Amino acid sequence: MAIKETLEVINAMEADGVIGRYAIAGAVAAYNYIEPAVTDDLDILVSFDTVAHQPKAGLVTLAPIFSYLKDKGYDEHRKEGLIIEGWPVQFLPVANDLDAEALAGAQQVEIEINETVGSVQTRILRAEHIVATSLRVGRPRDLIRISQFLEENAVDLTALCAVLDRHALTQAWHSFCLRIGISDPCR
């Protein structure tokens with residue numbers, strides 16, 4: 001599937017003011033740090049703070065995204081995602097302070113596809129935010145992802161502990177550590 005083309009469409013959405021700052025989240029972001037996992041879609045964490053069509057408070061609507069993409073010929077849906085150049089993309093609006101911090105701290109990366117296709121610029125969430133969000137969500141696959149980050153030493157534990165503390169996730173982290181039988185590095 002054409003991730004470069006998918007990200008180019010999303011970059012154009014940001015440049016055209018349809019979305020604000022965005023970053024890759026979920027399994028595709030985790031792939032930058034740990035062994036890849038099977039995923040059904042590309043999760044895009046997105047801000048609407050600088051977008052004129054969104055209200056300053058209240059319910060965020062994704063209608064402008066869908067309208068923009070439909071005008072570009074992207075109107076096929078698969079599960080929760082909209083198919084963009086072969087990838088189902090799920091747009092996840094910033095919903096809480098952890099999301100906002102994660103998006104603000106996302107790192108700019110250049111993804112090299114190959115010599116023929118070239119590369120594409122994008123942003124991905126930092127490891128500590130992926131782990132904290134996985135802990136907050138708490139699905140079995142999220143907890144497995146956290147274990148992978150720990151096993152592969154792919155997260156800065158000092159930075160992670162600070163994020164967990166700022167977002168009231170230290171008790172959930174302690175419970176997670178007890179459940180998998182490791183000492184809590186945040187204590």
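The values are calculated or read from the model by the stated rules, or taken from the named source; none is laboratory data. Since the structure is predicted, the reported quantities are computational estimates derived from the model, not experimental observations. Cβ sites come from the backbone with ideal geometry, for glycine too, and all protein chains shown count toward neighbours. These area figures cover heavy atoms from the full protein model, side chains too; ligands, DNA and RNA do not enter into them. Shrake-Rupley method; radii C 1.70, N 1.55, O 1.52, S 1.80 Å.
List of remarks:
- Residues of segment 113-129 that turn out to be open to solvent by 40 Å² or more (accessible area, probe 1.4 Å) and either in contact with a Cys (Cβ under 9 Å, 6 or more places away or on another chain) or among the basic types (Lys, Arg) (or both), as a count: 1
- Against the numbered list (1) more than 20 Å from residue 30 (Cβ to Cβ); (2) touching a residue at least 12 places away in the same chain (Cβ under 8 Å), residue 157 comes up short only at (1).
- Subset tally (residues that are within 24 Å of residue 4 (Cβ to Cβ) and of a type in the set (Asp, Glu)) for segment 89-110: 1
- Qualifying positions in segment 160-185 - closer than 14 Å to residue 128 by Cβ, free of Cβ contacts under 8 Å to residues at least 60 places away in the same chain and part of a helix (DSSP H, G or I): 160, 161, 162, 164, 165, 170, 173
- Inclusion of residue 136 among residues that are at pLDDT 95 or above, open to solvent by 50 Å² or more (accessible area, probe 1.4 Å) and closer than 30 Å to residue 164 by Cβ is warranted.
- Among residues of segment 157-186, those that are in contact with a helix residue (DSSP H, G or I) (Cβ under 9 Å, 6 or more places away or on another chain), open to solvent by less than 50 Å² (accessible area, probe 1.4 Å) and farther than 22 Å from residue 99 by Cβ, counted: 1
- Within segment 98-112, being open to solvent by 60 Å² or more (accessible area, probe 1.4 Å) and not in a helix (DSSP H, G or I) holds for 108, 110, 112.
Matching residues to (1) open to solvent by less than 50 Å² (accessible area, probe 1.4 Å); (2) assigned to a loop (DSSP other than H, G, I, E, B); (3) touching a Lys or Arg at 6+ places or on another chain (Cβ under 9 Å); (4) touching a residue at least 60 places away in the same chain (Cβ under 8 Å):
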residue: 18; (1), (2), (3), (4): yes, yes, no, no
residue: 27; (1), (2), (3), (4): yes, no, yes, yes
residue: 48; (1), (2), (3), (4): yes, yes, no, no
residue: 69; (1), (2), (3), (4): yes, no, no, yes
residue: 75; (1), (2), (3), (4): no, yes, no, no
